[in-house]
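Asker: First the structure, which I've put down as structure tokens, then a few questions once you've had a look.
Every number in this text was worked out from the coordinates using simple rules, so none of it is lab data. Quick caveat, the model's predicted, so the values are computed rather than measured. Using ideal geometry, Cβ is built from the backbone for each residue, glycine included, and neighbour counts are taken over all protein chains shown.
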Amino acid sequence: MRNDIKSLIIGNRLTQSVLSALHFKELSWLGWRIWFKYILFSKPYVPKNELIIEISDTCNAKCSFCTTGIENRKKGGKKERKKFIEPDFFEKIVHYCKQQHFIQKDTNVCLINWGEPFLHPEFEKIIEISHREHLNIYLSSNASVFPKISKNFNASCIKNMVFSMPGFSQASYNKIHQLNFEQVKSNISKIVETFRISNPNIVFTLFFHIYRFNVPEIDAAYKFSKGLKMMFYPYFAFINDYEMHRDFLLKKSSPNDLELIKRFLFKKCEIPIKLIKTCPYCNRILVNPDGECELCTIKRTKIGNIFEMTPEKLSKCFEESKICKECMQLGLMN
Ligand code: SF4
Ligand code: SF4
């Protein structure tokens, strides 16, 4: 899921298209075909005013280039935080954020950061609170599970829902997510159908992560998304783990990481393109299930409890952050 969010930071459609075009020396004619057919005219959802409340800090996938996936691949990945946010606590955070004007009428409230939201055992309660509080909800899922919801589930506060896919075959899923591909496809169809009953206006988008091995599968994924009347948005997969990405740019990767990067990713995705001088993540609130604010979506760094956070304190945290300075210098946020 983080890949989804990071891809959006690049900004508007034009920048996204230009950055994508820079990769095509490696893809040759096929790459250009993909660019013209799927990317140039795609309109991904770009959050303008967004706040993140992470409802699940756990994920069942094992993506090779994501912080959570890397933790999951290591035996017994380290966990220090709560897995799921408690609904009452979620409500308390929402009230505080409204009081501090972190949440305003046009704010998109994203319920994901480093975990799978549909694993939350009380997902429906979170959505009920969101509905009561008139929030605009953004969700992203790997669709490995169907959420625990009742027949009366009301999805009317959900504005955008993204499904991220690392390919369109079991062979591709074995390489990255390590989930059951048929199950994922069936869940996507069921989620789209079920959520549309109470909210026909949800914008569903299939985010297709392009790796070296899955280019021939793009067409099949496109047809699948169109069959369900979803938007289709393919983009180049990238390293979504701060340390792994930084080490790569500084040419300090371990032999294993380097081998994986070369085998799976299109090389140019990892060259920093310093077109952006300011970071759109700065000054954005990100709250984990413990109620701790974290710096941003590319690095887990606590910056203070949400109930002590004010807009002034928040600005100061970003201004003084050494990580932000390093990140800007290396162009990691690209
Ligand atoms: S599905 Fe998303 S959160 Fe889970 S491991 Fe993969 S990229 Fe990370
Ligand atoms: S670390 Fe700082 S500069 Fe880098 S993406 Fe996060 S907020 Fe932006």
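Asker: Counting only residues 5 or more places away or on other chains, whose amide H sits under 5 Å from the amide H of Leu139 once H atoms are built in the peptide plane?
Answerer: Amide H neighbours of Leu139, under 5 Å, 5+ apart: Asn160, Met161, Val162.
Asker: Near the amide H of Met231, under 5 Å away, which other amide H atoms are found, from residues 5 or more places off or on another chain, if H is placed in the peptide plane?
Answerer: Residues meeting the amide H criterion: Phe204, Thr205, Leu206.
Asker: Sort 278-288, 231-241 for me by packing, meaning the mean count of neighbouring Cβ atoms within 10 Å per residue, highest on top.
Answerer: Output ranking for 278-288, 231-241: 231-241, 278-288.
Asker: Sticking with this one: Enumerate the aspartates and glutamates that Lys151 could reach by cross-link, defined here as Cα to Cα under 14 Å, with residues fewer than 8 away along the same chain left out.
Answerer: List returned: Glu124, Glu128, Glu193.
Asker: While we're here: What residues qualify as long-range amide H neighbours of Phe236, i.e. H under 5 Å apart, gap of 5 or more or another chain, H built at 1.01 Å from N?
Answerer: Distant-sequence amide H within range of Phe236: Ile210.
Asker: Additional query: Take Cys327, Cys59 and order them by how many other Cβ atoms sit within 10 Å, fewest up front.
Answerer: Cys327, Cys59
Asker: Another question about this same structure. Across segment 180-195, in residue order, what do the Karplus-derived ³J(HN,Hα) couplings come to in whole Hz, using 6.51 cos²θ - 1.76 cosθ + 1.60 with θ = phi - 60° and x for Gly and Pro?
Answerer: 7, 4, 5, 5, 4, 4, 5, 5, 4, 4, 5, 5, 4, 4, 5, 5
Asker: Another question, if that's okay. In percent, how large is the relative contact order of segment 124-229, given Cα pairs closer than 8 Å and 6 or more residues apart?
Answerer: Over segment 124-229, the number comes to 30 percent.
Asker: Taking 28 Å as the cut-off for C-alpha to C-alpha distance, list the pairs among Lys105/Lys223; Lys62/Lys83; Lys92/Lys159; Lys175/Lys226; Lys190/Lys262; Lys62/Lys190 that go past it.
Answerer: Distance filter (> 28 Å) returns Lys105/Lys223; Lys190/Lys262.
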